[in-house]
Amino acid sequence: MKKTVALLALLLVQASYAEDQMELGKSVYMQLCVACHQPTGAGLPPVFPPLTQTEYVVGSPERFAAMILKGVMGPITVKDMPYNNMMPPQEALLTDSKIAAAITYVRASFGNTAPAVAPEVVAAARAKFADRKTSWTEADLKAWPDAGASAAK
Ligand code: HEC
């Protein structure tokens, strides 16, 4: 009985944590990402790419975190459409929690069904790439060791 209660409490805590992450993520998205990727996540081709079931959104959580931290520089092909623009780095502006929440929100919105991303994943990417000064190129992103991890089913 005690165990059941403890388990239920744990599940409730986890559920409300996930809800908080979605709420925070939506607010970060609506303040920042929306200007380029639009409220529906459809982007503005051929200038800003969509976030709808792209390999970068539903693939490796570490890679997604690293992209928000350091930014991305084109050329890059997303869903068969070439882009050649810049996504600005956010490492000096956003906390690990805010980045994790924004990524979690995107991975669970716009038709995406990929799992949530914890702030620890962002913190680890921040530490791992602390010395990197430049944004990622398509070649960097394609060569990511766990590029396809946790892809949408
Ligand atoms: C100032 C415009 C701008 C902002 C703000 C911005 N992005 Fe981007 N983003 C881009 C551009 C442009 C690219 C494509 C890279 C290129 O052309 O160099 C891109 C690429 C991406 C990609 C990889 C390609 C794809 O479509 O799957 C993801 C994922 C992404 N952005 C997510 C985000 C998220 C999440 C935020 C908010 C935290 C954000 N972006 C904020 C402009 C922006």
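Give me the percent relative contact order of segment 2-142, please, defined on Cα pairs under 8 angstrom at least 6 residues apart. Reported as a whole number, the value is 27 percent. Restricted to Cα atoms, the chain shows a radius of gyration and a Dmax of 16.1, 59 angstrom. Taking every DSSP helix (H) stretch of at least 4 residues in the chain, weighting each as -39,500 (n - 2.57) and dividing the sum by the residue count yields a mean residue ellipticity at 222 nm of -14000 deg cm²/dmol.
Our estimate of slack between Met73 and Leu11, defined as 0.36 nm per intervening residue step minus the Cα-Cα distance, is 18.3 nm. State which entries of Lys70/Lys128; Lys79/Lys128; Lys70/Lys142; Lys26/Lys79 exceed 20 angstrom in Cα-Cα distance in the structure shown. Result: Lys79/Lys128; Lys26/Lys79 exceed 20 Å.
Summarising the label geometry, the points placed 7 Å from Cα in the beta-carbon direction at Arg132 and Val34 lie 2.9 nm from one another. Scanning the chain for DSSP H helices at least 18 Å long along the axis (C-alpha atoms) with a Kyte-Doolittle mean no lower than 0.0 picks out 2-28.
Where a number appears in this text, it was derived from the coordinates with a stated rule and is not lab data. Computed from a predicted structure; not experimentally measured. In this analysis, Cβ positions are derived from the backbone assuming ideal geometry, glycine residues included, and neighbour counts consider all displayed protein chains.
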